[in-house]
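S.K.: Take this structure, written in C-alpha cells, and hold onto it; I'll ask about it next.
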Amino acid sequence: MTPLRERALPAWAQAAPFTAVFALFFLVPLALVVMVSFWNFNEYELLPDFTLRNYLAIFEGCASRNDDGSLCVTLATYLSTLKFCFIVWAVTLVLGFAVAYFLAFHVRSSTWQTALFVVCTVPFWTSNVIRMISWIPLLGRNGLVNQALTGAGLVEQPVEWLLFSDFSVVLAFVHLYTMFMIVPIFNSMMRIDRRLLEAAADGGASGWQTLWNVVVPLSRTGIIIGSIFVITLVMGDFVTIGVMGGQQIASVGKIIQVQTSFLQFPLAAANAVILLAVVLMIIWGLTRLVDIRKEL
C-alpha cells in the first residue's frame, strides 16, 4: 500500500480552496473599493478616472482649526469614533475578563460551564436591531427606568440622557459585543495549567497577586484577540450609533453609510480605505504586544 504521507496532497493543493475563497470574497472586493476610491463622480454617474479629489475632499480644512476652534469634520468624527471604541473596549474587557474568569476557575463542572456559556450566547439568538430596539422602552423618557426613578422620588423629571445619547450608544455596544471578548479570554484561561495557580498559592501569593502575575499574563493572547474583535466591530458600526444615538451622533461608519445612500460611492470608498488603514494600524499595534500565531 502507498504510505499515507505519499498519498497526501501537497501543501499548496490543500491551501488552494481557502486561498481561492479568501481572494474571491476579500481581496477582490477590497481591490475594487480601493480602485473606486480614485474615481471621479457627479450627480448622475461614476467616472472611471484616477484622481485624488476624494481624499483631498475628506481632509479639506483639517490643516488648521476652524474659526470657532473646532476640528474639521473628519478629525472630529474619527475622535468621536475612537472615543466610543476606547470606552467600549475598556468596559467589555472588564466584563469579559470577569465572566471568563468565573467560568474558567470557579465553575468546576464542565456541564455547568457549557450551560452557563450557552446562557451568555442567548442574546445572539435574536437580531442586533431587535436587541437595540428593546432598550428604547426601557431607557426612554417614559420608560421603565425613568418611571422607577420618578416613582421612588430620586428625580423630579425624567432623565433625558438615558436614551439617544453617548450613554445609550456605549450601553448598546457593550450589550452587543461583550461576548466577543468573553470567548477568546475564556479559551486562553482554559489552557492555563492549574498547577501554576497552586504553586503561586503555595508560594504565599494572594489571590490578587496570582491574578495579576499569573492569570493575566497567560490570558494576554485571548485579551488581544478579543480586543481586535471589539475594536474592529465598533470602528465600522453605523447601525448601533444610528439607532441608539437618535441619528444625532456622527461616526465614520455612519458617514460612509450616508455617502453611499447619496450615491457618492467614490467618496465613500475613500473613507472606507482610510478607516481600514486606521483599523489596521490599531491591530498592528495590538499584535506587537503578543505573537498570536506562536501562542495559539
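Bear in mind these aren't lab numbers, they're just calculated from the coordinates by the rules spelled out. Just so it is clear, the model here is predicted, and its values are computed rather than measured.
S.K.: Could you identify which residue out of VAL258, VAL122, VAL278 has the top mean-square fluctuation in a GNM of the chain using Cα springs shorter than 10 Å?
M.R.: Result: VAL122 has the largest fluctuation of those listed.
S.K.: Quick one: among GLY253, GLY245, GLY151, which has the greatest mean-square fluctuation in a GNM of the chain with alpha-carbon springs under 10 angstrom?
M.R.: Maximum among the listed residues: GLY151.
S.K.: Say we join alpha carbon atoms closer than 10 Å with springs in a Gaussian network model of the chain; which of GLY203, GLY226, GLY285 then has the biggest fluctuation?
M.R.: Judging by the Gaussian network model, the answer is GLY203.
S.K.: Among the helices of the chain (complete DSSP H runs), which have Cα atoms covering no less than 30 Å along the helix axis and a Kyte-Doolittle mean of at least 1.6?
M.R.: Span-like helices here: 73-101, 265-287.
S.K.: Using percent of Cα pairs over 27 Å apart as the read-out, say which of (i) 59; (ii) 43; (iii) 47 was calculated from these coordinates.
M.R.: (i)
S.K.: Let me ask something additional. Once every DSSP H run of n ≥ 4 in the chain is given -39500 (n - 2.57) and the sum is divided by its residues, what mean residue ellipticity at 222 nm do you get, rounded to the nearest 500 deg cm²/dmol? Provide the component values of the computation, followed by the final result.
M.R.: Values: 17 runs with 188 residues, N = 296.
One gets -19500 deg cm²/dmol as the mean residue ellipticity at 222 nm.
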